[in-house]
Amino acid sequence: MIQITPSINRTDMIRCALCGNAACNKACEKLRPSRLLRSIWFGNEQTAVQRLPEENPCLTCSAPCENACVRPGEVPIRDLVNRLYYQVKPNCETPLPENEDRLKCELCGIPLENPFLLSSSVVASTYDMCARAFEAGWAGVCFKTVCTLDIHEASPRYSAVTGSDGSIIGFKNIEQLSDHSVAENMKIFRELKANYPTKFILVSIMGQNEAEWGELARLCEENGADAVELNFSCPNMAEGGLGSDIGQVPELVERFTRAAKSACSIPVLAKLTPNVASMNPAAEAAKRGGADGIAAINTIKSIVGVNPHTYVSAPAVHGHSAVGGYSGNAVKPIALRFVAELGRNPALKGMHISAMGGVETWQDALEFILMGGGSVQVTTAVMQYGYRIIDDLKDGLNLYLAEKGFASVKDAVGLGLDSMSETTDVLERDTVVFPQFVRERCIGCSRCMISCMDGGHQAIAMDEGCRPVLNGKKCVGCHLCLLVCPQHAIVPGAKRIRR
């Protein structure tokens, strides 16, 4: 059975660099270790293990792949493959699907091979990049925002918040729009549509007035775009009255949506800013203006990494910086909240939601689908790991749909909305779910006791063997201990009704 929590944790391969031209592959005659490692990293080991040979070649191998690694001896490749065989494989009850038909869906009535698109950014900004993404298996792209502005980017323009493994958790950019001319971009769209007629070309546009919004929408349609996305959300515009400045004013959203929609016959999506308390007013305004769908979320205004010596935040540009857009896996909870808000709004019923905000794995994408996303857009993960992540996005989601018995990914859209409320007053509060300690996993680190003592309800003590003991009279079932345990040695246990 597919497990949402990975059978093998990312920390087990924390030193793997996820190389492009991986040396471990050259040293192994039987497997492609880098592909297996990548699947583990992206929570897709259930698919990876079913593509292994029936007999485990690592049993009689001296593991030359580990010595060939760019970090020799630091990545336990043989152990990880053995764990795929003996920990993961026995739990695989659903065979790999024979095709990807379950992934087929649509965006405003236009067929998609799968729900995965590149979002409007540098990852979809040239013909070559879009072509390589199509060849890799992405169903479509949202091309970087076309405009008539004279764009000159700052350097550097990226910064990041990283985790203990060095991977990017949160990503800040101060990048603006496409620096190609309108004519150059139109040529790209014509060539893409001619060479990849089945791929979906969504084009982001930004105008400075109603006439310009309409003209750009018209040109995109004439030159091969399948749909346009109205950028009401970029937080990095040098000039006022553009980007997120528009998205915060429903009247402007409605006016410019109407201008674009009246000038073209292809679907129009409004990409809305998360820099608001609620996205519903702007979304409803977009619908009044004729929008066929909503794209959400764009990046969140942020300040990252203030240097303690220069006092300048990152990225520093000649001693200065600016508020920029925050993305990456760290923003996913915020993005899910906004997508769910849109999905639950009856006034938006029938509108397509193209969801984004921190997607790295197929599980991330699934969460957005369950909250109402009919398609899923990705940027920051591609910037970090490359177009190749589409393999695990498709494989993992496809196997999940097969395991659940879904005929189509469309059957999963919005299934999580009924259980979600905007407030906590609907939650049952009479039951306590106690933690249960899994003794064979516990290493006696006392992390659960420390957190419970200083951040909880003083319900955990350590016995003489340095093992946790629960005081049920004090425990309120908050589950802080489950979250902080580095060994995953605490699980939900018995329930008790409050008296």
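Nothing in this text is a laboratory measurement; each read-out follows from the coordinates by a stated rule. Model, not experiment: these values are computed from the prediction. With ideal geometry, Cβ positions are generated from the backbone for all residues, glycine too; neighbour counts draw on all protein chains shown.
The Rg/Rh ratio of region 431-497, with both radii computed over alpha carbons and Rh defined as the Kirkwood radius, is 0.92.
With the convex hull built on the Cα atoms of region 241-386, state its orientation-averaged projected area in nm².
So the mean shadow area of the Cα hull is 10.4 nm².
How much of the pair distance distribution for region 101-412 lies past 36 Å, counting alpha-carbon pairs only, in percent? Summing the P(r) of region 101-412 above 36 Å gives 11 percent of all pairs. Computed over region 105-225, the Cα gyration tensor eigenvalues convert (square root of 5λ each) into semi-axes of 25, 21, 13 Å, ordered from largest to smallest. Computed over the alpha-carbon pairs of region 125-189, the distance histogram in 10 Å steps reads 19, 33, 37, 11, 1 percent, short to long.
Return, ordered by residue number, the residues of region 457-476 whose backbone nitrogen is under 15 Å from a label point located 7 Å along Cα→Cβ of R496. Residues passing the 15 Å test: 457-461, 469-476.
Mean projection of the Cα convex hull over all viewing directions, computed for region 10-91: 4.8 nm². Around the amide H of V312, modelled in the peptide plane, lie the amide H atoms of N307, all under 5 Å away and 5 or more residues distant in sequence or on another chain. Computed as a quarter of the hull surface, the mean projected area of the alpha carbon convex hull for region 406-458 stands at 7.6 nm².
Length, then width, then depth: along the principal axes, the Cα atoms of region 1-155 run 62, 40, 27 Å.
Bridgeable lysines around K474 (alpha carbons under 23 Å apart, same-chain partners fewer than 8 residues away excluded): K495. How large is Rg over Rh for region 318-407, taking Rg from the Cα atoms and Rh as the Kirkwood inverse mean of 1/r across Cα pairs? Expressed as Rg/Rh, it is 1.06. Annotation for region 377-457: trypsin sites (Lys or Arg not before Pro) lying in DSSP loop with at most 11 further Cβ atoms inside 10 Å of their Cβ are R429, R439. Each listed q (0.31 Å⁻¹) maps to a log10 I(q)/I(0) for region 306-359 from the Debye sum over equal C-alpha point scatterers, namely -1.11.
Between helix 332-344 and the chain there is an angle of about 60 degrees, using the helix long axis and the longest principal axis of the Cα atoms. Taking a straight line from the alpha carbon of K193, these aspartates and glutamates sit under 16 Å away, with near neighbours fewer than eight places off in the same chain left out: E113, D128, E135, E184, E221, E222, D226.
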